[in-house]
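Below is the structure I would like to discuss, written out as structure tokens.
Bear in mind these aren't lab numbers, they're just calculated from the coordinates by the rules spelled out. Quick caveat, the model's predicted, so the values are computed rather than measured. Cβ placement follows ideal geometry from the backbone for every residue including glycine, while neighbour counts extend to all protein chains displayed.
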Amino acid sequence: MKLSYLYVKRLFLCGLIVFCLISPLSITGLLAQDTVQQVVPGRENLPAQEKKPYLIMISIDGFRWDLADKYNARFLKKMRSCGVEAKSMRPSYPSLTFPNHYAIITGLYPAHHGLVDNYFYDPKKQATYKVSNINAVRDSSWYGGEPLWVLAEKAGMLTASFYWVGSEAAIDGVRPTYYYKYNEKIPIDRRISAVKSWLELPEAKRPHLITFYFPEVDHMEHLHGVDAPETAAAVKFVDQSIEKLYDSCKLTGLPINFIVLSDHGFANLDTTKYLSAPVLDTSHYLIRGGSALTHIYARDEVGQRGLSKLYKQLKLNATHYKVYKASKTPRFWHYRTKDDPNGRIGDIILVPYPPYSFYFGGRKGLGAHGFDNRLQDMQATFYCWGPAFKQHQQIKSFPNVAIYPMVARLLGIEIPKTHKIDGKIKTLAPILKEKDGH
């Protein structure tokens, strides 16, 4: 069945009104109804950076590895065949929106960069980070690592962001030169026009790295599940929008590179298989997290002394979920006490596997993510094309932290030797053309 652009758009807008109650980024958006472009004054590209490549990095939230084929995303299928297509991209654990967008942009696993969940507690701060708390979202003290826009701006290369996790916080004192506070009031055509306008600025003022974000697919999957016609419509909407963005950027005549990726996959849920979180003594323990990962924190010495007993009780009673001490989670996750200098992972974590998930009230959605990042349903998407990339390449699955060093090399920016990241340049270096164009 073919769906017109107007029908897709109308269907998305109707669903979005309801679904803003579920998506983390859309909750943040409701609290940030600011549609004015933010510009950091006084910046210009250094002359040495003006001839460097251009890159637009597009994230489609929740765009599972198989959705382009499942719903015939015509434009994306066409462009990936001309450039580079990964079998899939492995998200970092937990496979949630904020931890993974920030992993992609810093090259660090969540336990290393600090955003260990969409909702977590920091015992040192004695404070909670939650994506619906706009003050926390814009507070740079929650964010570790050095995002790509910070790396570029420090090197004298201008950047822009039409949304990305962390772009509203002055991380190490730096924001993108051009950015928007997150909201979903700005129509897609205006967003595309803004990107084109950035690329039409004089060389000294023109950004070389642009990030762009689509929430629509994630919205529909949460509400209706992966297999629903609403999800199919959202995929069509995004595919058509990226084609419009690409065509608009072509009019500038600039040699622009594109990366299209997602933060995580998606799993269907069974609403008859929701799990109740354990009842705890809240005077000694805190519960944070969500349906696919629940953290339990000891909040005082009494709670600390009782952790061993609590762990054994939870293990004994656990049905359809696993119980881990933070010190003994699977090594593959890079999500243990020793990986977590801020102590933000719960002392005990509870991990269900779909179609089971924890229920904390509210509407019962038909899809979720955040589960074990080794599951096939959690795998994400990665496509790229443009003058810097090789053509007609298919590559195997890889971890999303590998994007950071590859993008730095594409842009011609050195990563300081003192700047430790988890991503390895050898992973994605082979998809880049050599400097002589071969």
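If you take the alpha carbon radius of gyration of the range 95-196 and divide it by 2.2 N^0.38 Å, what ratio comes out, to two decimals?
On the way: Rg = 14.0 Å, N = 102, 2.2 N^0.38 = 12.8 Å.
Here the answer is 1.09, to two decimals.
So how much slack lies between D189 and D139, counting 0.36 nm per residue of separation and subtracting their Cα-Cα distance, in nm? Mind showing how you got there, number by number?
Details: separation 50, 0.36 × 50 = 18.00 nm, distance 3.02 nm.
Separation in residues times 0.36 nm, less the Cα-Cα distance, equals 15.0 nm.
Out of all DSSP beta bridges with both ends in the chain, state the antiparallel percent to the nearest 5. Working shown, then result.
Working: 30 of 56 bridges.
Taking every DSSP beta bridge within the chain, about 55 percent pair in antiparallel fashion.
Where Lys and Arg each count +1 and Asp and Glu each count -1, what net charge lies around T427 among other residues with Cβ under 12 Å from its Cβ? Walk me through the intermediate numbers first.
Values: positive: R90, K396, R409, K424, K426; negative: D422.
Taking every other residue near T427 into account, the sum is +4.
Within 9 Å, Cβ to Cβ, of Y356, how many net charges do the neighbouring residues add up to if Lys/Arg are +1 and Asp/Glu are -1?
Values: positive: K273; negative: D270.
Within the 9 Å Cβ shell, the charges total 0.
Right, next: Among 42-49, 75-82, what's the highest-first ranking by average C-beta atoms within 10 angstrom per residue? Intermediate results must be reported in sequence, preceding the final value.
Working: 42-49: 14.2, 75-82: 17.2.
With the highest mean Cβ count within 10 Å placed first, the list reads 75-82, 42-49.
Could you name the aspartates and glutamates in cross-link range of K70, using Cα to Cα under 12 Å and dropping any fewer than eight places away on the same chain?
Candidates past the 8-residue exclusion: D227.
Further question on the same structure: Which percent, to the nearest 5, of DSSP beta bridges fully inside the range 272-368 are antiparallel? Don't skip to the end; give the middle numbers.
Details: 13 of 16 bridges.
Counting only bridges with both partners in the range 272-368, antiparallel ones make up about 80 percent.
Quick one: net charge of G290's neighbours, Cβ under 12 Å, K/R +1, D/E -1?
+1
Same structure again: Based on the inverse mean of 1/r over its pairs of different Cα atoms, what is the Kirkwood hydrodynamic radius of the range 272-368, in Å? Show your work: numbers first, answer last.
Numbers: mean 1/r = 0.0713 Å⁻¹.
Hydrodynamic radius (Kirkwood, Cα only) of the range 272-368 equals 14.0 Å.
Any chance you could run the full-extension gain for S132 through I395? It's 0.36 nm times the residue separation minus the Cα-Cα distance, nm to one decimal.
Numbers: separation 263, 0.36 × 263 = 94.68 nm, distance 3.66 nm.
Full extension from S132 to I395 adds 91.0 nm.
Could you please tell me the mean projected area of the C-alpha convex hull for the chain, averaged over all directions and given in square nanometres to one decimal? All intermediate terms of the calculation are to be shown ahead of the outcome.
Working: hull surface 80.9 nm².
Its average projected convex-hull area is 20.2 nm².
Return the lysines within reach of K125: Cα separation strictly under 26 angstrom, same-chain partners fewer than 8 residues apart disregarded; answer none if there are no such residues.
K181, K325, K328, K338, K420
Here's a follow-up. Within straight cross-link reach of K433, meaning Cα distance under 19 Å, which lysines are found once same-chain residues fewer than 8 apart are removed?
Here the lysines satisfying the reach criterion relative to K433 are K51, K52, K390, K396, K424.
What ranking do 203-214, 184-195 get when scored by the average of other Cβ atoms within 10 Å per residue, highest first?
Values: 203-214: 21.8, 184-195: 16.1.
Ranking the peptides 203-214, 184-195 by packing returns 203-214, 184-195.
A further question follows. Taking Cα pairs under 8 Å and at least six residues apart, what relative contact order does the chain come out at, in percent? Walk me through the intermediate numbers first.
Numbers: 948 pairs, mean separation 126.1, N = 438.
For the chain, the relative contact order is 29 percent.
I want to verify the translational diffusion coefficient of the range 333-438 in µm²/s; compute it with Stokes-Einstein, Rh as the Kirkwood radius over Cα pairs, at 10 °C and 1.306 mPa s. Can you show the working numbers first?
Details: Rh = 17.5 Å.
Rounded, D is 91 µm²/s.
Could you work out the relative contact order of the range 272-368? I mean the mean sequence separation of Cα pairs under 8 Å and 6+ apart, divided by the number of residues, in percent. Each step should come with its number before you reach the end.
Details: 128 pairs, mean separation 37.2, N = 97.
So the answer I get is 38 percent.
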